[in-house]
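Here the structure is laid out as structure tokens; the discussion comes afterwards.
The values are calculated or read from the model by the stated rules, or taken from the named source; none is laboratory data. All of these numbers come straight from a predicted model, not from anything done at the bench. In this analysis, Cβ positions are derived from the backbone assuming ideal geometry, glycine residues included, and neighbour counts consider all displayed protein chains. Please note that ligands, DNA and RNA were not included when accessible areas were found on the heavy atoms of the full protein model with its side chains. Shrake-Rupley method; radii C 1.70, N 1.55, O 1.52, S 1.80 Å.
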Amino acid sequence: MKKYIYIIMCSLMALSMTSCNDYLEVYPENVEPTDKYWSTKEEVESTLFAAYYNLRDAVADYLIPWGELRAGCIYNRKGNVIQQFQIKPTSSIASWAPMYKIINNANLVLANAEKAYDNDDTYEIGALNSHYCEAYFLRALAYFYIVRNWKNAPLITVPFETDEFSYNVAASSDTAIIAQIKNDLNTAIKLGAAKTQFDTTWETKGRATIWAIYALMADVCLWNSDFDETISYANAILNSKDNSAPKFLSTSSRTSWFAIFNPGNSNESIFELQWSYEKRSNDGYQTNNLSSLFQDGNDNFTYLYSTAMMENFESEIRDIQMEMIEENTDLYVRTQYGGYFNKQCWKYVGGAQGTTTNRITEGKEDPNFIIYRVADIMLLKAEALVMRSMGTNADDNFEAVRIVNQIRNRTNLNDNTEINELSDAKTLLDAILYERIMELAGEGKAWYDFLRLGHYKDPSGNINFKKEFLIDNVMKYNIQASSAWINSVLSDENAWYLPITDSEIKANDLLVQNPYYI
């Protein structure tokens, strides 16, 4: 079993000896690097592309289910143990192996890139440090998925390069993992080598730029209740005067908004995982199954919006219709034919021109998966502004309300008149969370938003975050389990996290199972 685990951890996707400089053009290979391997900068970059490839490979089977199904805003119509809170240590969805593959790729770069630098006269110090920045980002991102889904897990910062490496590593606390994530991102920032943009658009949006590092840091800081830091890192993106900085797309038309998702790589994008049917080989490996998973009328149709989400969208449509002078579907923006159509998450289904009826053309199913975009960061900042004073600072509240209304106005919704700078924290946070639920639907955010808010504590005791933001919202949106069952499960904070799989427990006798699953 240990040998099997070792092979999984050491498998390097896309370690090709060709001149490929694009992970969209690299095929996966299982190759174990040796000392002779680290001789060129191309080999370093190939290992980095392995990490991106592994991250991309995890989207459909892990990132979307982990981020969506427990919240219930989007659910698996075929049934799924994770959305029913019936997951067991034998469930494949509880495997953290996909994230540790990425971590091992990053560790390999961080441990060995300098060898390639010493061996390759064309490998400049700026390129080396830039590669380090990408590796730090990828390791931090993978650990951020792990800490949000398992809380405690082995903290491994050296590569599995030989089977002599002991796989027996005890789990570290969430505090230690978060500290490592922040240290990695701070190191990347201090290197001063993270790119603001790459040579091509797909690389600028599909590889770790300084903007992606700031975005992840803002997200991690908010998770850790470091509210001032969240605001600072969000502002590093939002207030940047750099021409390459991502920008909020303020045009209030569905066609403009939909372009964020198809064709993708918009100015609003910060970091998104890439596919391109134009680069596909005969086996079509550059396409994906996201459109079929979200599209009614085919055998693979799996994900659709919950009843409560449908009601939210229909309410927004009615609000816009009341303001319309004439019928114009382009005004619906994120509502009908934008983010939603007939229970479907239209972001992954609609055609490249954002038409109101056409789906993605067969054979060209290549929607990207966005991990960070500007609207997301704006709303993280709004939450931090409210939380740092628990809603008692009118100036912070005013700015948070401005952000909420900026997001709403972009989708042709009027200002939210139920909130202002004098509103209490609960009212403001409800409004911010609603905008995140609607704006970021299907982007793997909802469960983590509910869970993050559920962690907060109100010193005054006026807000029961665990009940009012986690349990109540899951009961509202997730109809795949009874309210009584959801309330019972989520009352135990250990149940907020996934079990360690039986195979991992058997392979590593230092691991201790989450007590909820014993």
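For segment 141-196, a tally of residues being of a type in the set (D, E, K, R), closer than 29 Å to SER91 by Cβ and surrounded by fewer than 17 Cβ atoms within 10 Å (Cβ to Cβ) returns 1.
For segment 57-76, filtering for residues that are touching a Pro at 6+ places or on another chain (Cβ under 6 Å) and either open to solvent by 10 Å² or more (accessible area, probe 1.4 Å) or over 21 Å from ALA142 (Cβ atoms) (or both) leaves 1.
Tell me, which residue of segment 31-56 that is buried (at least 20 other Cβ atoms within 10 Å of the Cβ) and hydrophobic (A, V, I, L, M, F, W, C) is nearest to the chain's Cα centre (by Cα)? Looking at residues that are buried (at least 20 other Cβ atoms within 10 Å of the Cβ) and hydrophobic (A, V, I, L, M, F, W, C), I get LEU55.
Evaluate segment 235-250: report whether one residue or more is closer than 16 Å to ILE371 by Cβ and crowded, with 18+ Cβ neighbours inside 10 Å. There is at least one residue in segment 235-250 that is closer than 16 Å to ILE371 by Cβ and crowded, with 18+ Cβ neighbours inside 10 Å.
This table checks each residue for (1) in contact with a helix residue (DSSP H, G or I) (Cβ under 6 Å, 6 or more places away or on another chain); (2) among the basic types (Lys, Arg); (3) open to solvent by 60 Å² or more (accessible area, probe 1.4 Å); (4) touching a residue at least 40 places away in the same chain (Cβ under 8 Å).
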{"site": "ARG410", "(1), (2), (3), (4)": "no, yes, no, yes"}
{"site": "ASN462", "(1), (2), (3), (4)": "no, no, yes, no"}
{"site": "ILE471", "(1), (2), (3), (4)": "yes, no, no, no"}
{"site": "TYR477", "(1), (2), (3), (4)": "yes, no, no, yes"}
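Contact annotation: residue pairs with Cβ atoms under 7 Å, 6 or more positions apart or on different chains, pairing a residue in segment 482-510 that is free of Cβ contacts under 8 Å to residues at least 60 places away in the same chain with a partner that is outside any helix (DSSP H, G or I) and not basic (Lys, Arg), are ASN494/ASN514.
Taken over segment 293-335, the residue count meeting the criterion of being without any contact (Cβ under 8 Å) to a residue 40 or more places away in the chain and within 24 Å of the chain's Cα centre (by Cα) is 2. Just checking, does segment 34-54 include any residue being touching a Lys or Arg at 6+ places or on another chain (Cβ under 6 Å) and modelled with pLDDT of 95 or more? Yes, segment 34-54 contains a residue that is touching a Lys or Arg at 6+ places or on another chain (Cβ under 6 Å) and modelled with pLDDT of 95 or more. Among the residues of segment 91-109, is there at least one that is in contact with a His (Cβ under 9 Å, 6 or more places away or on another chain) and modelled with pLDDT of 95 or more? Scanning segment 91-109 turns up at least one residue that is in contact with a His (Cβ under 9 Å, 6 or more places away or on another chain) and modelled with pLDDT of 95 or more. Take the residues in segment 52-84 that are in a loop (DSSP other than H, G, I, E, B) and among the hydrophobic types (A, V, I, L, M, F, W, C), then tell me which one is nearest to TRP150 (Cα to Cα). Checking each candidate, the answer is ILE82. Scanning segment 232-251 for residues that are out of contact with any Asp or Glu (no Cβ under 9 Å at 6 or more places or on another chain) and touching a residue at least 40 places away in the same chain (Cβ under 8 Å) turns up ALA234, ASN235, ILE237, LEU238, ASP242, SER244, ALA245, SER250, THR251.
Screening segment 272-305 for residues that are in a helix (DSSP H, G or I) and either among the charged types (D, E, K, R) or at pLDDT below 80 (or both) and picking the one that is farthest from THR335 (Cα to Cα) gives LYS279.
Answer yes if at least one residue in segment 451-470 is in a helix (DSSP H, G or I), at pLDDT 95 or above, more than 26 Å from the chain's Cα centre (by Cα) and small (Gly, Ala, Ser), and no otherwise. No. Just need a number here: residues in segment 496-518 that are farther than 15 Å from ALA171 by Cβ and open to solvent by less than 10 Å² (accessible area, probe 1.4 Å). Adding up the residues that qualify gives 1.
Residues in segment 301-342 that are in contact with a helix residue (DSSP H, G or I) (Cβ under 9 Å, 6 or more places away or on another chain) and of a type in the set (Ser, Thr, Tyr): THR302, TYR303, TYR305, SER306, THR307, THR329, TYR332, THR335, TYR337, TYR340.
Only one of the numbered conditions (1) closer than 18 Å to TRP223 by Cα; (2) surrounded by 22 or more Cβ atoms within 10 Å (Cβ to Cβ) is not met by GLY442, and that is (1). Quick check on ASP376: is it more than 15 Å from ASP319 (Cβ to Cβ), open to solvent by less than 20 Å² (accessible area, probe 1.4 Å), touching a Lys or Arg at 6+ places or on another chain (Cβ under 9 Å) and free of Cβ contacts under 8 Å to residues at least 12 places away in the same chain? Spelling it out, it is not the case that ASP376 is more than 15 Å from ASP319 (Cβ to Cβ), open to solvent by less than 20 Å² (accessible area, probe 1.4 Å), touching a Lys or Arg at 6+ places or on another chain (Cβ under 9 Å) and free of Cβ contacts under 8 Å to residues at least 12 places away in the same chain.
For segment 103-138, a residue qualifies if it is over 15 Å from VAL158 (Cα atoms) and among the acidic types (Asp, Glu), and the qualifying residues are ASP118, ASP120, ASP121, GLU124, GLU134.
From the set of residues in segment 220-234 that are touching a Phe, Trp or Tyr at 6+ places or on another chain (Cβ under 7 Å) and open to solvent by less than 20 Å² (accessible area, probe 1.4 Å), which is nearest to PHE198 (Cα to Cα)? In this case the residue turns out to be VAL220. Among the residues of segment 116-126, those identified as touching a helix residue (DSSP H, G or I) at 6+ places or on another chain (Cβ under 9 Å) and in contact (Cβ under 8 Å) with a residue 24 or more places away in the chain are ALA116, TYR117, ASP120, THR122, TYR123.
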